[in-house]
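What follows is one structure encoded as structure tokens, with my remarks underneath.
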Amino acid sequence: KNYKIFVLTVDTLELVNTLSYSNDGWGITNDLNGYIYTSDGSNKIYVYNNQFQLIRDINVIDRTSKSISHINELEYINGSIYANIWLHDVIIKIDPITGFAD
């Protein structure tokens, strides 16, 4: 729990930058537009720009508007965020605009 992010080059894994991060790191992914999405085990996904400045957060809810917590292990695929729910054999598909999960 050092709350640090290490930015590395893709080819050589050389350290480029070290950034501070104030949340627990449960999951992280990025999209093709340079946005970074992180989870901290709550019902929120945090959206950062490529300078790691917080842009907004996404409140993840089901179709009945009930919050979904313990969001973990994020993957961005074809315009959606996929996540598992910690301690459950479940993968959810999250709309990154609305926060609705299927």
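The values are calculated or read from the model by the stated rules, or taken from the named source; none is laboratory data. For clarity, every value in this text was computed on a predicted model and none was experimentally measured. Reconstructed Cβ throughout: ideal geometry from the backbone, glycine too, with neighbour counts over all protein chains shown. Each accessible area value is taken on the protein alone, full model and side chains, heavy atoms only, with ligands, DNA and RNA left out. Shrake-Rupley method; radii C 1.70, N 1.55, O 1.52, S 1.80 Å.
Descriptive notes on the structure:
- Sparsely packed loop sites in the stretch 23-75 (the trypsin sites (Lys or Arg not before Pro) outside DSSP H, G, I, E and B with at most 16 other Cβ atoms within 10 Å) comprise ARG63, LYS66.
- As a fraction of the 1.4 Å probe accessible area of the chain, surface on carbon and sulfur atoms comes out at 51 percent.
- For the chain, fraction of C-alpha pairs farther apart than 21 Å, in %: 33
- Dipole magnitude for the stretch 11-102: about 360 debye, using +1 per Lys or Arg Cβ and -1 per Asp or Glu Cβ, origin at the Cα centre.
- Between LEU13 and ASP62, the C-beta separation translates, for a Förster distance of 35 Å, into a calculated FRET efficiency of about 0.35.
- Per residue, the chain exposes 66 Å² of accessible surface when a 1.4 Å probe is rolled over the protein heavy atoms with every protein chain present.
- Contour excess over end-to-end distance, with Cα ends at SER69 and LYS4 and 0.36 nm allotted per residue: 21.1 nm
- Size of the stretch 33-91: Rg and Dmax of its alpha carbons, in Å, are 11.7, 35.
- Between ASN49 and LYS93, the contour length at 0.36 nm per residue exceeds the alpha carbon distance by 13.7 nm.
- A simple count of charges around ASN72, restricted to other residues whose Cβ falls under 13 Å of its Cβ and scoring Lys, Arg +1 and Asp, Glu -1, yields -4.
- Largest to smallest in accessible area, the residues TRP86, TRP26 fall in the order TRP86, TRP26 (1.4 Å probe, all protein chains included).
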